[in-house]
1. Assuming R0 = 30 Å, can you tell me the calculated FRET efficiency for the pair Glu121 and Met1, based on Cβ-Cβ distance, to the nearest 0.05?
2. Cβ neighbours within 10 Å, averaged per peptide: list 187-193, 154-160, 96-102, 8-14 in order, most packed at the top.
3. Net charge near Ser169, counting Lys/Arg +1 and Asp/Glu -1 over other residues with Cβ under 14 Å of its Cβ?
4. Return the long-range amide H neighbours of Thr203 (sequence gap of 5 or more, or a different chain), with a cut-off of under 5 Å between placed amide H atoms.
5. Rounded to the nearest 0.05, what FRET efficiency is calculated for Ser109 and Leu23 with R0 set to 41 Å and r the Cβ-Cβ distance?
6. Report, in listed order, any pair from Lys53/Lys170; Lys3/Lys95; Lys39/Lys127; Lys39/Lys213; Lys190/Lys213; Lys95/Lys190 with a Cα-Cα distance greater than 29 Å.
Amino acid sequence: MKKEHDHLITVLSASLEALRTTLPSNTEAVLHDLTQPEKSVISIVNGHISGRKVGDALLSGPDDDAGFLGLLDTSQPVQTRVFSGYTTTTIAGTKLNSASTIYYSQSGSPLVAFCINVDIEAVVRLKRELDYLLPTPVETESSDSIPRDIQDKSLDEVLAQYRPTGSESKTNFRKRVVSEIHAMGFFKIKGSVNHVARALGVTRYTIYNYLDKINDE
């Protein structure tokens, strides 16, 4: 088993080094030695994404890492198992798109894991910034797509009904207003994002940011 283990470490370490100069800064690649889980990270690229470094333990990685289900199920011995298309969360709360390959010995023991984690927040932030810089797109929704109960209401009338509570911060007040107006369907109305932004004294970039977080929930 040691020979298999050492061979995998050598081959995969070389592959990771090739990625070191090519991976974008929002993509992390990690090589784990699963025979020593207390210090499993033996090589890592862009460790700033998960906050890990060489020598860190296996369990210091992102939460809910489906890739390591392969450590639990050895009922059907295979050489490799691939886990892809799942989301993990770092200690800081950053969501990552993840994929892992686990390599096994001939007897079915997990030896090495090669993992990729992509910080999708960087892409979302870029989209928000582009939305902020670009002109407001022409909205084509017809009145048929707007809920009937708001077609006859003025957005100004609705906004005028909101007042912050005594213990509510300005930020929390704005988030509450955006969340409730979103639930009513007012953001289907052309120009509503700019309208709400002006009423709340923020930029439309901020409103898009609030809406992105609402859609993520």
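Coordinate-derived values only; no laboratory data. Worth saying up front: this structure is predicted, and the values here are computed from it rather than measured. All Cβ positions, glycine included, derive from the backbone under ideal geometry; neighbour counts span all protein chains shown.
1. Working: r = 40 Å, r/R0 = 1.32.
Efficiency, rounded to the nearest 0.05: 0.15.
2. Ranked from most to least packed, the peptides come out as 96-102, 187-193, 8-14, 154-160.
3. +4
4. Close amide H contacts, sequence-distant or interchain: none at all.
5. About 0.90, to the nearest 0.05.
6. From Lys53/Lys170; Lys3/Lys95; Lys39/Lys127; Lys39/Lys213; Lys190/Lys213; Lys95/Lys190, over 29 Å: Lys53/Lys170; Lys3/Lys95; Lys39/Lys127; Lys39/Lys213; Lys95/Lys190.
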